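Okay, structure first, notes after.
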Amino acid sequence: MSRARNEDEPEAPAIITPEFQQDRVLSKDAGSKSGWRRLTPLQKAFELRQITQEHYDAALIYENLWDLSVATGRNCLDDSGGSGYSGGMSLSQVMLDATRKLALIEVHMPKNDRKIVQCFVGQAWKMAETIRFVTGGYTKSTTERVREALDSLISAMETARRSPPIRAVS
């Protein structure tokens, strides 16, 4: 049984850019059209093999923690190194735990690597925009610099696993 197509339904994104891929399964019927999806810069970098599986896995963990803590008002312009609360609403336990885990990871990262990961992974900035913003006149490959920051993330996650948990300050 096929669904009647509404004339107002778009067939594709209004402007198709390289961030879009037509690979979503909309129907299990043979020969049916695929739907469009917009890739995040992280997904695009992984699909183009600019980053490794290890980088991607660590970034997904970080992205999940970032999303859980986002209501705290964090952004990549924050120089606090992951600590503190700047939002006006009360924190849920999930948000608090995610923010503490991020702080424990980020404290073990150099400042620029932390900002690169926050902007590229947490806020889904494009790779070149992130590197230009964080490092200014970086002369090497932006892909290489993002890989270096993701290596730092992996190392910080390993160190954070071995560190004692962050205690709340009364």
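Computed from the coordinates by the stated procedures, all read-outs in this text should not be read as laboratory data. Every value quoted in this text rests on a predicted model; they were computed, and no experiment measured them. Heads up, the Cβs are rebuilt from the backbone with ideal geometry, glycines too, and the neighbour counts pull from every protein chain shown.
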Review point. How far, in nm, would the chain grow between LEU48 and THR135 when pulled straight, counting 0.36 nm per residue and subtracting the alpha carbon separation?
Key: 29.0 nm
Check your understanding: Hey, which lysines would be in cross-link range of LYS140, C-alpha to C-alpha under 17 Å, not counting anything within fewer than 8 residues on its own chain?
Key -> LYS126
**Study point:** Sites GLN93 and GLN123, calculated FRET efficiency, Cβ-Cβ separation with R0 22 Å, nearest 0.05
**Key:** 0.40
Study note, to complete from the structure: The long-range amide H neighbours of LEU39, using H built 1.01 Å from N in the peptide plane and a cut-off of under 5 Å, are PHE20, GLN21
